[in-house]
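The structure under discussion appears below in the form of structure tokens.
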């Protein structure tokens with residue numbers, strides 16, 4: 001019976017090393033999605049002091065937004081996955097110790113053609 005335990009322990013060690021080694025090899029080969037597309041681009045949020053926070057009023061004219069990076073190079077998911085967006089989108093991000101602030105301009109040719117869905121969400 002002692003021999004069986006030793007064999008089982010050796011098998012467990014062998015398989016642990018085998019799978020962990022394969023995991024390391026495969027994870028080294030993986031490349032982040034859109035790696036080439038994002039290379040040398042600056043995607044980050046700008047930290048601000050709470051007293052300089054933008055006013056949440058629907059207007060995007062607060063001077064603090066000038067300190068943030070404008071992001072416009074998005075990739076579409078629906079209806080044409082991984083293609084150029086159908087419409088322009090511009091986003092800036094700020095944060096402080098308590099909040100995240102999102103500046104978003106979402107362009108659309110004809111707002112009257114937007115589909116409107118009413119559904120129950122989250123209970």
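No value in this document is a laboratory result; all are computed from the given coordinates. Just so it is clear, the structure is predicted and the values come from calculations on it, not from any experiment. Glycine also receives a Cβ, built like all others from the backbone with ideal geometry; neighbour counts cover every protein chain displayed.
Between residue 35 and residue 67, what FRET efficiency follows from the Cβ-Cβ distance if R0 is 22 Å, with the result rounded to 0.05?
Step by step, r from the Cβ atoms, then E = 0.20.
If I model a spin label at residue 107 and residue 77 as a point 7 Å from the Cα along the Cα→Cβ vector, what separation in nanometres do I get?
2.2 nm
Roughly how many nanometres apart are two label points built 7 Å out from the Cα toward the Cβ at residue 52 and residue 84?
Simple spin-label model gives 3.6 nm for this pair.
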